[in-house]
């Protein structure tokens, strides 16, 4: 019985250390920027949705923005559509944090 407890404890520490190593890996600055930008876009889309702005109007608003990179406009459109399709009524700050966390987790998993 005691040996079993020791083995379980050792396995737990092993898994915990593996998780710490995975989290310790750093994102390249470009990935961090992309996650941060996407999170801000999702939060803005959620803010528009909660304030009653239609998806059509949100798309029109995106067309007026100046984007610094060519991929941003289509990515912003996709994020906005997904946000509007979601039944979520969470606050924009919660959406921003969730999007950022999920994006970072995805980028780290791809490594």
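Some values worked out for this structure:
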| item | result |
| --- | --- |
| Spin-label model distance (nm) - residue 111 vs residue 75, 7 Å beyond Cα toward Cβ | 1.8 |
| Computed lengthening from residue 82 to residue 61, 0.36 nm per intervening residue step minus Cα-Cα distance | 5.9 nm |
| Point-to-point label distance, residue 26-residue 54, nm (Cα→Cβ direction, 7 Å offset) | 4.8 |
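Where a number appears in this text, it was derived from the coordinates with a stated rule and is not lab data. Since the structure is predicted, the reported quantities are computational estimates derived from the model, not experimental observations. As a convention, Cβ positions derive from the backbone with ideal geometry for all residues, glycine included, and neighbour counts pool all protein chains shown.
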